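Laboratory data are not the source of any read-out in this text; all were calculated from the coordinates shown. Keep in mind it's a predicted model, so treat the numbers as computed, not measured. Heads up, the Cβs are rebuilt from the backbone with ideal geometry, glycines too, and the neighbour counts pull from every protein chain shown.
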Amino acid sequence: MISFLKLTENDKRLIIVILLLVILLFVISGYVGLLVKKIMTHQANKMEDMVHDVVKTGVINDSKHLRKYGTKKNHRQLFKEARIPVIIMLAASLSLLLYCLINQNFAVNVFDIDKYGIGTLFFHFDWDNAPKAKFFGLELISDWPPLYSAPHWSWDAWGAYLFVPGMFVGGIWFLVNVQAYIARSYRLFKLSKTVFNKSLDNFNPDQAPRNPINPE
Amino acid sequence: MASFFKTFFKGILYIVLLPFIALLLAIYFVYCLVVFLYMGVRCIIVFFAGGSPLGDLPEDVKAKEILAAQAQNLVLQQQTYQQYPSLNQTQQPYNQGPYIEPTNVAVDNQINEFDESKNSDSINEEEPFND
């Protein structure tokens with residue numbers, strides 16, 4: 001057991017570095033989670049706007065009706081919000097289909113880095129042959145790796161140029177709308193549980209009428 | 001420091017729950033796409049049937065009617081008060097003086113007066129017996 005716990009200086013340094021990285025990862029993910037929670041709370045307020053009037057005027061008097069009405073309004077809101085991203089994604093898909101039809105090539109790799117994909121617009125490095133040096137006993141990359149492919153415009157990749165950014169932007173936009181939909185659904189569920197809830201928490205029997213009023 | 005640890009532990013929780021969150025998001029992504037398609041088809045049908053695809057629901061129409069009636073009532077009330085401002089004042093009965101709030105001093109004085117009158121009455125009452 002003791003021999004198992006004997007660590008070299010390199011091992012100790014490696015463990016410290018890994019621990020620091022893990023702590024940093026957890027803290028960053030904690031802050032990202034808090035940010036997402038705040039955004040979802042903000043998005044959920046839309047549901048209160050949508051159901052406020054019908055509840056306030058007494059048109060809806062029970063939680064089941066509120067859930068049904070709220071779901072309908074939520075679907076409509078999703079449809080209104082998601083029109084643009086869906087149109088972007090459809091246009092991107094159509095452009096790729098058109099590209100495939102024109103070139104008679106349905107096996108195109110849209111991420112190709114040589115000629116046909118979006119990869120032609122980015123730097124590509126040969127990370128396997130990157131120069132390395134020893135730093136506090138650790139072997140780390142010490143310089144930029146050799147360049148494998150420089151960004152260049154390729155007219156043969158116009159389908160990928162339209163498809164990948166279109167799907168990326170439309171997809172992220174739609175994902176935000178999905179997140180808003182979830183936030184509104186959760187708020188609706190909570191509202192339906194609390195708005196028409198009959199609670200006796202603040203009930204004071206001394207202030208209640210002594211003699212019940214009999215119906216005529 | 002406490003908030004740092006709170007964030008740190010929340011970070012651990014989010015990392016652990018990340019696969020489930022991603023799965024939920026993926027399911028909802030597909031569900032929302034289906035809802036979008038359904039709404040799209042429904043909107044097209046309603047549009048060609050001559051209706052308003054994203055118009056008000058029956059509940060919205062009722063709520064708007066109630067709100068409009070309430071607003072109209074408020075305007076009518078304001079107009080009435082502007083035309084007859086005397087309606088805005090509380091009328092006092094003609095045969096009563098101004099209302100004076102009883103204070104402890106006034107009550108004490110009344111009690112003293114009552115006691116005095118009682119004493120004087122008792123003297124007057126005793127006199128006939130003396131006769």
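Placing dummy labels 7 Å off each Cα toward the beta-carbon, the span from A:H152 to A:I102 is 2.1 nm. Taking 17 Å as the cut-off, the amide N atoms of the stretch A:157-199 that come nearer than this to a point 7 Å along the Cα-to-beta-carbon line of A:L35 belong to A:172-173, A:175-177, A:179-180. Converting the Cα gyration tensor eigenvalues of chain A into ellipsoid dimensions via √(5λ) gives semi-axes, longest first, of 55, 36, 11 Å. Our coupling estimate for the stretch B:75-80, obtained by passing each phi through the Karplus curve with A = 6.51, B = -1.76, C = 1.60 and θ = phi - 60°, is 5, 4, 4, 5, 5, 4 Hz, Gly and Pro reported as x. Summing charges over all other residues whose Cβ lies under 14 Å from the Cβ of A:I113, with Lys and Arg as +1 and Asp and Glu as -1, gives -3. Over 25 Å apart at the Cα level, from the set A:K198/B:K64; A:K38/B:K62; A:K73/B:K64, are A:K198/B:K64; A:K38/B:K62.
Projecting label points 7 angstrom from Cα along Cα→Cβ for A:D143 and A:R83 puts them 5.7 nm apart.
For A:Y148, the residues 5 or more places off, or on other chains, whose built amide H falls under 5 Å of its own are A:H124, A:F125, A:D126.
With each label modelled as a point 7 angstrom along the Cα→C-beta vector, the B:Q78-A:H124 pair spans 7.0 nm. Could you give the longest part of chain A that holds none of the trypsin sites (Lys or Arg not before Pro) found in DSSP loops with at most 10 neighbouring Cβ atoms within 10 Å? Between the exposed loop sites, the longest stretch runs A:7-197. Amide H contacts of A:K132 (H built 1.01 Å from N, in plane; Pro and chain starts excluded): A:S142 sit under 5 Å, all sequence-distant by 5 or more or on other chains. Couplings for the stretch A:144-160, taken from phi via the Karplus curve 6.51 cos²θ - 1.76 cosθ + 1.60 with θ = phi - 60°, read 4, x, x, 6, 8, 8, 8, x, 8, 7, 10, 5, 6, 10, 5, x, 5 Hz in order; Gly and Pro are left as x.
Selection among A:F125, A:L78, A:F135 by position relative to the dipole of the stretch A:77-137 gives A:L78 as farthest towards the positive end (Cβ unit charges, Cα centre).
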